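What follows is a single structure, written as structure tokens, with notes after it.
The numbers here are math on the coordinates, done by the rules we state, and not lab data. It should be emphasised that the depicted structure is a prediction, and the values quoted were computed from it without experimental measurement. Cβ sites come from the backbone with ideal geometry, for glycine too, and all protein chains shown count toward neighbours.
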Amino acid sequence: MDAVRKSSIGECPDPLLSKGSKHTPPSIVIQIEPKTFSQMKLPYSILLTTLLYCGEFVSAAILMASYRRSDDQFWLLMTLFFMLMPAIVDQLTLIFVHRDMTSDKPMVLCMHLLLLGPLIRCLEALMTYCQVGSEEEPYVTITRKKRLHKDSAVEVEQEVGHSLRRLITHRNAFKRMAVIQAFLGSTPQLTLQLYISVVEQYVPANRGLFALVQIDAFR
């Protein structure tokens with residue numbers, strides 16, 4: 001019985017461990033590589049979201065002025081409603097993400113009350129971007145990421161400082177703001193202006209420009 005077992009084991013060698021086999025198991029080497037975020041890309045998404053926010057406000061104001069001159073009170077009120085509703089939700093989103101209700105920032109809160117919160121937040125993000133890497137500061141936390149290559153895996157250790165964490169918070173806040181602005185502001189506003197154009201069978205230049213700004217918000 002033992003002879004049978006030995007012969008069966010000897011007849012089934014592992015193909016990966018045999019000498020003539022071409023397939024060799026990959027060797028995984030773990031290397032810890034310390035790295036700090038000293039170089040960051042310019043926050044283009046924050047700038048683009050702020051420009052779209054201001055563009056929608058200005059184009060909506062021009063369009064409402066034309067409705068007022070033509071004495072279209074209903075269309076004026078509907079355009080005003082779909083402009084103010086997402087703007088207020090945007091201010092609340094930025095305040096909630098940055099947790100400003102528990103901090104002493106009267107200037108920032110005043111700008112949010114005036115619906116100019118994205119402007120001051122964009123300036124803060126640009127100032128924070130200029131401060132990242134300019135001077136050495138203690139890190140807040142350490143993150144580890146594993147990068148896989150063909151035959152090795154490199155574990156990268158990254159130190160996150162105060163300035164970088166603030167910049168990441170700005171990015172996350174503006175991402176949420178862009179989604180809210182697109183679905184609560186641009187979508188109903190564009191639908192309303194297209195409906196007005198179909199009813200009146202006329203598309204003025206200011207309404208066409210306003211529709212283009214709304215379409216750009218989805219990109």
In region 160-195, residue surrounded by the fewest Cβ atoms within 10 Å (Cβ to Cβ) [restricted to those that are in contact with a Ser or Thr (Cβ under 9 Å, 6 or more places away or on another chain) and farther than 26 Å from Y44 by Cα]:
L192
Anything in region 63-83 that is assigned to a helix (DSSP H, G or I) and without any contact (Cβ under 8 Å) to a residue 12 or more places away in the chain? List them, or say none.
A65, R68, R69, Q73, F74, L77, F81
